[in-house]
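Structure first, commentary second.
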């Protein structure tokens, strides 16, 4: 199977790791700069020399949402791509699902440290894309991935017990979520208050009512914004400005 074991004694050379393109941009006349999310090496940067050269170039394969097997060599922040092939059929994301996919990619680029393996998060990303491509509820896919990402980078949410006293979260009680501590009882006039039912829905990753979906989205947006530290997400702007 393609994995780290295929490295042949040279730690600067990696063979056939599973990957997805998070972002790509043209470089010089025929090359590409790639940001990839890989199964065994996390988020990495590669230069794909000559990828845009003629019909035999790799540019058509090196697209977002296409499962890839990639090989590269070199050290540092920008290694050199040596091989790339499709590792499966591309996932067709359309309309809202496409913007959701770009949102997931942007979260990974902004919040995930480079060269830090996160195999469970890689699988969560792959499953989220599959759900979006299958026209599953995008809110469930997005909230689930956001939770997986935060947990994997060390910012997992406390959703079952109150921050002070440790009492179990009550579904019918209002809470304010303190990002560094967890939920604390709130009053109705607090703007960020959410029902305990919403916290428990996030724990279970099930959003059965419109109210729960709205509150979960609002809460997760606030928490994600905190960890972004003021960095804007272009994918949200693209979605707002879409026809």
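General remarks:
- Residue 147, sole failed condition from (1) surrounded by fewer than 17 Cβ atoms within 10 Å (Cβ to Cβ); (2) within 24 Å of the chain's Cα centre (by Cα): (1)
Residue by residue, here is whether (1) modelled with pLDDT under 95; (2) assigned to a helix (DSSP H, G or I); (3) closer than 22 Å to residue 124 by Cα holds:
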| site | (1), (2), (3) |
| --- | --- |
| 172 | no, no, no |
| 176 | no, no, no |
| 197 | no, yes, no |
| 216 | no, yes, yes |
| 237 | yes, yes, no |
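- For residue 144, the stated conditions do not hold, so it cannot be described as without any contact (Cβ under 8 Å) to a residue 12 or more places away in the chain, outside any strand (DSSP E or B) and within 21 Å of residue 120 (Cα to Cα).
- Residue-level check: of (1) within 22 Å of residue 237 (Cα to Cα); (2) part of a loop (DSSP other than H, G, I, E, B); (3) in contact with a helix residue (DSSP H, G or I) (Cβ under 7 Å, 6 or more places away or on another chain), residue 94 misses just (3).
- Members of the stretch 218-241 that are buried (at least 16 other Cβ atoms within 10 Å of the Cβ) and within 16 Å of residue 202 (Cβ to Cβ): 219, 220, 223, 224
- Test: residue 139 is under 15 Å from the mean Cα position of the chain (by Cα), closer than 21 Å to residue 236 by Cα and not in a helix (DSSP H, G or I): no
- Members of the stretch 30-54 that are in contact (Cβ under 8 Å) with a residue 12 or more places away in the chain and not in a strand (DSSP E or B): 30, 39, 40, 41, 49, 50, 51, 52, 53
The values are calculated or read from the model by the stated rules, or taken from the named source; none is laboratory data. This is a predicted model, so every value here is computed, not measured. Cβ sites come from the backbone with ideal geometry, for glycine too, and all protein chains shown count toward neighbours.
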